[in-house]
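What follows is a short report on a single structure.
The values are calculated or read from the model by the stated rules, or taken from the named source; none is laboratory data. In this text, all values refer to a predicted model and were calculated from it rather than measured experimentally. All Cβ positions, glycine included, derive from the backbone under ideal geometry; neighbour counts span all protein chains shown. Remember, those area values only see protein heavy atoms, side chains included, never the ligands or the DNA or RNA. Shrake-Rupley method; radii C 1.70, N 1.55, O 1.52, S 1.80 Å.
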Amino acid sequence: MIYKGKKTIVLFLVSVMLLLPLSTVLASSNVIYETSNKQAVTSGVTLENIVRFTTDGWLNINVLRIDLANEYIKVDTLTDENSIKKLVSTPNLAKSRGAVAAINASFFNPTGNGTGYPDGPIVESGKIISASAEYNLYNDVMASFSIDKLNNVMYDYWKTSIELIAPNGRSIPVAQYNKPSKTGYTDITIFDRRWGE
């Protein structure tokens, strides 16, 4: 979420992951024609649309530039308030929170009837909303984009370890948090109100 005064601005920035492979493609293409249009979204946020014709075809690129040093802007993840399982369009998520900008940045697994669950870890306002101990466990498959409290931008492969710890110090591993079990619930799965009622 980004806050501008009292307005919430929401950005899903994992889409940066999608731009990295695109930059490799762009490096191998010769640009034949290019036009660019910039517009201010709000103070500290600019949207640039680049239309480019290359030897590999047309590209329509949208870039949202954010001044992370602007004290009135906060970048955060946005999920449905009632259930992380509910699939909601990016414009509807942005509208529900009064956002002035939003980027669809998450991959998810649809399960039918407008529901699904996100791939990878989801952190919203500093709180873990969803995670899996299996994600990137054996190799680096999918990176996550994040910004820490000091506005350091990171793009790295998260590995998650989840456990329940008893008062006596004994612990037991947890396979996933707010995600369905892939083993028919023969493992330990934790759900909270963010999963649903």
Only one of Asn62, Asn70, Asn37 that is open to solvent by 70 Å² or more (accessible area, probe 1.4 Å), modelled with pLDDT under 95 and of a type in the set (S, T, N, Q): Asn62
Scan of region 80-97 for residues that are more than 21 Å from Val45 (Cβ to Cβ) and in contact (Cβ under 8 Å) with a residue 24 or more places away in the chain, ordered by number: Asn82, Ser83, Ile84, Lys85, Lys86, Leu87
Any hit, region 43-54, residues being basic (Lys, Arg), outside any loop (DSSP other than H, G, I, E, B), touching a strand residue (DSSP E or B) at 6+ places or on another chain (Cβ under 9 Å) and surrounded by fewer than 16 Cβ atoms within 10 Å (Cβ to Cβ): no
Qualifying residue in region 172-195 (condition: of a type in the set (Ser, Thr, Tyr) and open to solvent by 90 Å² or more (accessible area, probe 1.4 Å)): yes
Of all residues making up region 86-124, the number that are open to solvent by less than 60 Å² (accessible area, probe 1.4 Å) and of a type in the set (S, T, N, Q): 5
